[in-house]
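The values are calculated or read from the model by the stated rules, or taken from the named source; none is laboratory data. These figures come from a predicted structure and were not determined experimentally. Every residue, glycine as well, gets a Cβ built from its backbone with ideal geometry; the counts of neighbours run over all protein chains shown.
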Amino acid sequence: MRLVALMLVILPSLALAQTVPEDVTVTGTRSREVLRGFVQSFAAPTRLTGKMARWQTGICPIVVGLKPQFTAFIARRLKDVAVKAGAPVSGSASCKPNIQIVFTTTPQALLDRVRDKQPYLLGYYDNTPQRDRLATVSRPIQAWYTTATQDLNGKVEVDSGKTIGEGLEIWLPCSITPGICLMHLPNARAVAVTGSRLGDGVRSNLFHVIIAADPDKLMDYEMGALADYIAMLALTQITSLDTCQQLPSIVNMLAQGCERKADALTQNDLAYLHGLYKAAPDMTLGTQQDQMAFSMEQELKGH
């Protein structure tokens, strides 16, 4: 029998193939610390739950802006990496795209249209200045993530700083006179949870991803390397693409001044993705990171 509680989430009314040689020995306590540091610095927890987001529904990528053989190659590579990682892949030929990969020499114009017509696809923001900053293109390949929160009963709501619906009415102690008063909370929603400190039954899902790539700025990179880089961005929300990861990783490829560059997904990258999609989705962030570091340690032994 499950213990089910009702949690109120108050939204803020103000105010977001091939591998390369590895040079880390995966043994002992120090290795776990190194791997946990890698996990902590790699992926961004979501704004509402503070947990790691991953795909719950099957991914359905669409690639545009290149010759058909290249768009098909990138989409196929992304699906292959997803299968290896344990991420769900849609088997329907007519699925609705939830990963849009656009090669364009005018990426800012693309994001301007998204900001004006479909701003929720930019990701979570609280106000107009945050929205405008999110819509700014600053890298040759850049991703924008829409996440969703799924509660214990399976109810899914897209994460947004805007109130969805009319809010909630709840009986609370009166602030001025003794007794209980009916209060209207316009920026609140009800979420079913377990009531456990280890895991509340709430999970964060990836809902939609836009990846914009400027081909004029990527002429020096092989298509295979670009496909692997894009696959990594599509399957996990990266904290920063400008930070050099302490272990060899494909995400270092376009970061300035990185010594541990790679032109393909590394063993660390694949182990990270395996760990992400194996970790309990409803546990606390710390528990998820511990599970991922342990999974990486086990997988990387012997490499």
Counting only residues that are surrounded by 20 or more Cβ atoms within 10 Å (Cβ to Cβ) and outside any strand (DSSP E or B), the stretch 143-157 contains a total of 2
Among helices (runs of 4 or more DSSP H) entirely within the stretch 221-303, at least 3 residues that are out of contact with any helix residue (DSSP H, G or I) (no Cβ under 8 Å at 6 or more places or on another chain) and buried (at least 20 other Cβ atoms within 10 Å of the Cβ) occur in none
Those residues of the stretch 241-278 that are of a type in the set (A, V, I, L, M) and closer than 16 Å to V83 by Cα come to a total of 5
Subset of the stretch 31-58, residues surrounded by fewer than 17 Cβ atoms within 10 Å (Cβ to Cβ) and assigned to a helix (DSSP H, G or I), comes to R32, E33, G37, Q40, S41
If we ask which residues in the stretch 80-133 are at pLDDT 95 or above, in contact with a Phe, Trp or Tyr (Cβ under 8 Å, 6 or more places away or on another chain) and assigned to a loop (DSSP other than H, G, I, E, B), their number turns out to be 4
Given the conditions (1) modelled with pLDDT of 80 or more; (2) under 26 Å from I101 (Cα atoms), every one holds for K155 apart from (2)
